[in-house]
Amino acid sequence: MQRAALFSGGDAQMAAGDLGELLVPYMPTIRVPKSGDRVYKTECAFSYDSPDSEGGLYVCMNTFLGFGREHIERHYRKTGQCVYLHLKRRVIEKVPGASGGALPKRRNAKLFLDLEANSDLNSDDFEYEDEAKLVLFPDHYEIPLPNIEELPALVTIACDALLSAKSPYRKQDPDSWEEELQASKHAKTLVQLDNGVRIPPSGWKCSKCDLQENLWLNLTDGSVLCGKWFFDGSGGNGHAVEHYKETGYPLVVKLGTITPDGADVYSFDEEEPVLDPHIAKHLAHFGIDMLQMQVTENGLRDNDIKPRVSEWEVIQEAGVKLKPMYGPGYTGMKNLGNSCYLNAVMQAIFTSNYQFSGLLEDLVIVFCSGKGWNTKPNLPLKSELLNLAQHNGISPQMFKAFISKGHPEFSSSRQQDALEFFLHLINLVERNPVGSENPSDVFRFLVEECTRCCQSRKVRYAERVDYIMQLPVAMEAATNKDELIAYELKRREAEATRRPLPELVRAKIPFSACLQAFSEPSNVEDFWSSALQAKSAGVKTSRFASFPEYLVVQIKKFTFGLDWIPKKLDVSIDMPDFLDINHLRARGLQPGEEELPDIAPPIIIPDDPKALDIDECSVMQLAEMGFPLEACRKAVYYTGNLGAEVAFNWIIAHMEEPDFAEPLVIPAYGEIASNGAAAFGAVGLDNQPPEEMVSIIISMGFQRNLAIQALKATNNNLERGLEWIFSHPELEEESEPALDMMDMDNNANANIAETGSEGPRVKDGSGRYELFGFISHMGTSTMSGHYVCHLKKEGRWVIYNDLRVCASERPPKDLGYIYFYHRIPS
């Protein structure tokens, strides 16, 4: 059957009297969704087609999977399933009335209760029209719904259950117990009095009792009044609700909750928290700009304690008219609720022009083709609003569910660290290789670490695998120290007097200072010198043993204060468009250097199990990367305080476990003797070392057979196994295979160095790079706020702000969090 005939429309519709007889042969294949079944009626299983797409969505009446027009035939041929429910949503113009306005038209809303409406179409000129029908393959018979009288009871029940089924993604969400807020019925028609009231940016108090907390702004007349009294003595005197009873003005917004993303709105009439789709306009009526209201460290949102010019405005290029971009490579991604970290990372990865084949093949095809999304429509409608609604980008619900399956954080709706998600994605690709090419090869590189005993001057060299270059923020090198001191004095004075803050002054840090801080030696805490057979002062320097094809640079903006509260360094760094780090190439053991003896430190077991020391320096290094604090403590403990690098590899290997972020429980030392390797997995009956311990040693650059031999020789003790490897360099030389030099068709200057089929595979080459993208973060913590991505496409910068894709006018390259560089061919 030809595709044109298959999708020709209603030519094959049957008479009503024949419907029951027609469906009899297919009845065994039609199922009624049960409570545990997931109905995928919002997105195609193979693409991002939805009921909003041109061809609509076909939902299998047996498996409840959804398929777009391009994939429905493949599913039919493979499974033989013939009955599908076809869902289609259209946007139509309302019929103009006699007075020139649009006549309201009854919507077919009961069909798609769980489909989200497009916020861009909150207009009196347009509305939705939903359509559902049964389609029988291969002849494409169409049965419009509802058609209760003619259809068998089982079919009617199945169709009704499928249409009313909730989104499967909400069922997967651990936070789905939270009730979703609904738009207030008063929001669209709210009358605001033109009484000249302007709300100041700070110094709020109740107009009736002078309370300065739990304050609510009435969106009709601008009254600022206190909330109700709570049983614990907090809250207010209830003047806001008294005002509603006197005036009938229904909507109020809580002062201190206003951010660029929205605010807490309550409806006295509806007696529940609600959404106000027009909150920005309603607040602007009283002189409040949402972009100037930010989150403070104590959890309050108050313009008192935040600058008027914020990173939210600069990074999102607020106040600048940006030109929307369309076509291949300019596809936006819908924010599923704090999923901007995923959107930003995926946009950057696929701009690297390296396809994540196999695991992410379908997603790459969508991004590279641009087919069906972010293509400017050519519709015979006058309004640009409808045009805007036709390129909604993609909704990565199924991709997010797949990529985060089993992960306690990424599978939730909470905000996450973009860098941690990048490493999680790399870890998934490493564990699920497809074909001879590993997509993560382009990001992988080797780091050479030189540890030097300060007293004996002897050294030890080791290599490890990494995927990111972490640059410290050299605050001491700020070029505007006098301005920073003056700003801090003014800020403290403004806070004390409850006045608006002075305009923000950011520390200006030279990039060269950050690079210098990266290359300088760092102290090794609790260093034991094998040359002195005692603890001593030690320093460590890191160099690149290989340069990756794509260099990912993280600016370590997030740190911990003296009170262990995480904080963000709001700094400006002049990141270069072109970067040359060839001077950081590792050189290995130099003439005149003497290696430290290969002697293991003595194992000292304290009498008190709780007295076991955990290297807090390593814990802090890992925590600054965005990992949970308790997970960092476990990683350092289970790797024997061998440093942050080894602990990082433990984190990568265990971050999928359900108790990953649970508090560390240290067993009694009598148990440690018998269960020393229990943290890494059970030991086999053949005394085969635990695979996870083997993987940790392999990730440091050693061969698999050497790792197994070392662990067997030391009774599966990781620390002693590493010392054993260092004390037998001749075995390492024997096991090291020759380097395989390959001429890459797409990168003539890249050499692929393989250290064995189980060892790290890297693409070495020149250390000269060009910037092509960066991810910026707004907010006080990686676990809150918002992420935006800027990418260089066809010689110009483009901003990717979830669904919004526009040409960038002022790319804030100095405020980024993660930077992406590609190697310049030599």
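The values are calculated or read from the model by the stated rules, or taken from the named source; none is laboratory data. All of these numbers come straight from a predicted model, not from anything done at the bench. Quick reminder, even Gly has a Cβ in these numbers, built from the backbone with ideal geometry, and neighbours come from all protein chains shown.
Points to keep in mind about this one:
- Within the range 768-787, residues that are touching a residue at least 60 places away in the same chain (Cβ under 8 Å) sit with their Cβ atoms under 6 Å from residues that are of a type in the set (D, E, K, R), at 6+ positions apart or across chains, in these pairs: Arg768/Asp580; Tyr769/Arg823; Leu771/Asp577; Phe772/Lys792; Met778/Glu311; Thr780/Glu297; Thr780/Lys568; Thr782/Asp417.
- Among the residues listed as Pro811, Pro825, the single one being modelled with pLDDT of 90 or more and either of a type outside the set (Lys, Arg) or assigned to a strand (DSSP E or B) (or both): Pro811
- Of note, Glu645 satisfies the criterion of being modelled with pLDDT under 80, part of a helix (DSSP H, G or I) and not hydroxyl-bearing (Ser, Thr, Tyr).
- Candidates Asp482, Asp466 - the one that is of a type in the set (Asp, Glu) and loosely packed, with under 14 Cβ neighbours inside 10 Å: Asp482
- Checklist (1) acidic (Asp, Glu); (2) in contact with a Ser or Thr (Cβ under 8 Å, 6 or more places away or on another chain); (3) at pLDDT 70 or above; (4) surrounded by fewer than 16 Cβ atoms within 10 Å (Cβ to Cβ) applied to Glu736, failing item: (3)
- Pairs, first of a type in the set (Gly, Ala, Ser) in the range 277-288, second in a helix (DSSP H, G or I), C-beta under 7 Å, six or more apart: Ala280/Met290
- Applying a threshold of 6 Å to beta carbon distances and a minimum spacing of six or more residues, or different chains, the list of pairs starting in the range 305-327 at a residue that is more than 30 Å from Arg499 (Cβ to Cβ) and ending at one that is assigned to a loop (DSSP other than H, G, I, E, B) and modelled with pLDDT under 80 reads Tyr326/Asn374; Tyr326/Thr375; Tyr326/Lys376; Gly327/Gly370.
- Against the list (1) more than 27 Å from Thr782 (Cβ to Cβ); (2) modelled with pLDDT under 90; (3) small (Gly, Ala, Ser), the condition Ala280 fails is (1).
- For the range 326-340, the candidate set comprises residues that are buried (at least 22 other Cβ atoms within 10 Å of the Cβ) and assigned to a loop (DSSP other than H, G, I, E, B); within that set, the residue that is farthest from the chain's Cα centre (by Cα) is Tyr330.
- Qualifying position, being in a loop (DSSP other than H, G, I, E, B), more than 30 Å from Phe64 (Cβ to Cβ), at pLDDT 85 or above and of a type in the set (D, E, K, R), among Glu213, Glu270: Glu270
- Lys376 basic (Lys, Arg) and modelled with pLDDT of 80 or more: no
- Taking the range 411-431 as the range and being aromatic (Phe, Trp, Tyr) and either touching a Leu at 6+ places or on another chain (Cβ under 7 Å) or without any contact (Cβ under 8 Å) to a residue 24 or more places away in the chain (or both) as the test, only Phe421 passes.
- Qualifying residue in the range 517-539 (condition: under 14 Å from Leu579 (Cβ atoms), surrounded by 14 or more Cβ atoms within 10 Å (Cβ to Cβ) and out of contact with any Cys (no Cβ under 7 Å at 6 or more places or on another chain)): yes
- Each residue in the range 605-615 was checked for being out of contact with any helix residue (DSSP H, G or I) (no Cβ under 6 Å at 6 or more places or on another chain) and either assigned to a loop (DSSP other than H, G, I, E, B) or at pLDDT 85 or above (or both), and 5 pass.
- Residue match in the range 316-327 (condition: modelled with pLDDT of 85 or more and aliphatic (A, V, I, L, M)): yes
- Test result for Leu19, in a helix (DSSP H, G or I) and at pLDDT below 85: yes
- The range 393-410 - residue that is modelled with pLDDT under 85 and over 30 Å from Glu54 (Cβ atoms) and, of those, surrounded by the fewest Cβ atoms within 10 Å (Cβ to Cβ): Gly406
- Residues considered: Phe544, Phe527, Phe511, Phe518. Of these, the only one that is of a type in the set (Phe, Trp, Tyr) and touching a helix residue (DSSP H, G or I) at 6+ places or on another chain (Cβ under 7 Å) is Phe544.
- Within the range 495-517, being more than 27 Å from Leu471 (Cβ to Cβ) and without any contact (Cβ under 8 Å) to a residue 12 or more places away in the chain holds for Ala496, Thr497.
- Flag if Asn432 is modelled with pLDDT of 80 or more, surrounded by fewer than 19 Cβ atoms within 10 Å (Cβ to Cβ), polar (S, T, N, Q) and more than 17 Å from the chain's Cα centre (by Cα): no
- Among residues of the range 49-83 being under 19 Å from Ala165 (Cα atoms) and of a type in the set (Phe, Trp, Tyr), the one that is surrounded by the fewest Cβ atoms within 10 Å (Cβ to Cβ) is Phe64.
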